[in-house]
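In what follows, a structure is listed as C-alpha cells, so that the remarks can point back to it.
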Amino acid sequence: MLVVPSFTAITINYKLQTMLVKTKAIVISSLKYQEKSLIVKCFTQSDGLKSYFVQSAYSGKKSNQKIAYFQPLTILEIEAHHKNKGTLEHFKEIKLATAYQSINTDIVKSTIVIFLSEVLHHSIQEEEKNEDLFTFLETALIWLDTHEETSNFHLILLLEITKFLGFYPNKTEADFKFFEMTEGNFSFSQGISCLSEYETFLLKKLIQLKFDANQKIFAGIERQILLKIVLDYYSIHLDGFKKPKSIDVLKEVFS
C-alpha cells in the first residue's frame, strides 16, 4: 500500500478576510470560459470541493504548461486564496504534486481517467473536507499510473468510493443470492429492485477484488454488465447523478 504524505497549510489574512491555503488538489474538471480563461473544479485535501478561476490560461508563452496542469485527475500542489463565500477562488501558485509517467500517454489509462473524472464530477457534491477520500483517490491514481494490468481498476475504484459517500453494499447477508439496489444489501428473494442471481454473483466477485488482484477475472461482457450495475447504483443513491458522456468510449476500449 502506498503511503502518501499529508500536505496542507493555512494562513489567514484577516484584513482581506481570505485564507491563503497550501494544499494538494485533484483536478475534477475544467471548463473554458470566454476565449482565454478556465474554470477549474478541484477536490482539495484541505477543503474538499473548490472551483477556481484561471485567467489567461490560453495566452502567453507558457499557456501549454498552464493547460497541462488541469487535465482530468491531475494531482497538484497549490497555493490559493480562499474566500469561502461560494464564489470562484483564485490560485496563487501551482505545481505538479505527481508527474504521471503513463496515464497521459496510455490510451486505456487516459480513457479510464476521463471517465472517472466525469463520475466524480457528479458524485462529490459537498464543499467539505474529506481527507480520507482524498488520500484514497491519490493513492489509487498513483497505482494506476505505475501498473500495467488495469482492466478492472475503474470498477474497483467506483465501488470503493461508495464507502466514502455512504452507500457501500452491506455484506452482512452476503450468502443470499440477490442484491437489493435501493437498500444496498443482499436478499434471500428477488424483489422488484433486485439484481438477478447472475448479476449478484458478478457483484460479489467485484466486492472481493483489490487493485492487485488478477485483472483477467472478468470477461469483457461481464465488465460491461458490472459497469451498468455500478452506475445504476450511483444513480439510485446520488441525487442528480448523470451518466458519463465518455462511457461509450470506455466500453469501446474494453470491448
Nearest-ten-degree value, helix 107-123 long axis tilted from longest Cα axis of the chain:
90 degrees
With the 8 Å Cα cutoff and a minimum separation of six or more residues, the chain has a relative contact order in percent of 16 percent
What residue among Leu96, His81, Tyr234 has its Cα farthest toward the positive end of the dipole of the chain, where the charges are +1 on Lys, Arg and -1 on Asp, Glu, each on the Cβ?
His81
Set Lys22/Lys251; Lys83/Lys243; Lys24/Lys109; Lys216/Lys243; Lys109/Lys204; Lys41/Lys216, cut-off 30 Å on Cα-Cα distance; pairs above it are Lys22/Lys251; Lys83/Lys243; Lys41/Lys216
Rounded to the nearest percent, how much of the accessible area of the chain (1.4 Å probe, protein heavy atoms only) is carbon and sulfur?
51 percent
What share of the DSSP beta bridges in the chain is antiparallel, in percent to the nearest 5?
95 percent
With a probe of 1.4 Å, find how much accessible area the chain has per residue, and write the answer as a whole number in Å².
54 Å²
For region 94-170, with only Lys/Arg (+1) and Asp/Glu (-1) charged at the beta-carbon, what is the dipole magnitude about the Cα centre, in debye rounded to 20?
80 debye
Relative to the longest principal axis of the chain, what angle (0 to 90°, nearest 10) does the C-alpha long axis of helix 153-165 take?
80 degrees
Compute the long axis of helix 220-237 from its Cα atoms, compare it with the longest principal axis of the Cα atoms of the chain, and write down the angle in degrees, 0 to 90, nearest 10.
70 degrees
Which one of Ile225, Ser151, Phe179 has its Cα pushed farthest toward the positive end of the charge dipole of the chain, where Lys and Arg give +1 and Asp and Glu give -1 at the Cβ?
Ser151
Dipole moment magnitude, nearest 20 debye, region 42-156 about Cα centre, only Lys, Arg, Asp, Glu C-beta charged:
660 debye
The answer for the longest stretch of the chain without any exposed chymotrypsin sites (Phe, Trp or Tyr not before Pro) (DSSP loop, at most 10 further Cβ atoms within 10 Å) is 15-187
Can you compute the charge dipole magnitude of the chain about its Cα centre, using +1 on each Lys and Arg Cβ and -1 on each Asp and Glu Cβ, nothing else charged? Give it in debye, rounded to the nearest 20.
1000 debye
Trypsin sites (Lys or Arg not before Pro) within region 152-182: DSSP coil, no more than 14 neighbouring Cβ in 10 Å
Lys171
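The values are calculated or read from the model by the stated rules, or taken from the named source; none is laboratory data. The structure displayed is predicted, hence computed values, not measured ones. Cβ coordinates were reconstructed from backbone atoms using ideal geometry, including for glycine residues, and neighbour counts include every protein chain displayed. Accessible surface is based on the protein model in full, side chains and every heavy atom, while ligands, DNA and RNA are left aside. Shrake-Rupley method; radii C 1.70, N 1.55, O 1.52, S 1.80 Å.
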